[in-house]
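The values are calculated or read from the model by the stated rules, or taken from the named source; none is laboratory data. Only a predicted model underlies this, so the values are computations on that prediction, with no experimental measurement involved.
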Amino acid sequence: MLKVLLVVAVIAFVVWTLVRLSLRRLDGGTGGSSEPRVIGPDDDPDFLRDLDRRKDVDDG
């Protein structure tokens, strides 16, 4: 019983390691979550709302 549990633990560790390595390779090796996501002004609702207000002021 102990041998079976040890084999399952080793297989789980190998699978976990392979998944981590493949995800890191897909991410480009940067780690992904360590860098903040940059949001452009076109994604910012406040910026878009201000653009509409400026357009209305310029037109009127």
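Could you tell me which of the residues 38, 57 is modelled with pLDDT under 95, among the β-branched types (Val, Ile, Thr) and within 19 Å of the chain's Cα centre (by Cα)?
38
Residue under question is residue 19, and the condition is that it be more than 20 Å from the chain's Cα centre (by Cα) and either at pLDDT 80 or above or assigned to a helix (DSSP H, G or I) (or both); does it hold?
No, not satisfied.
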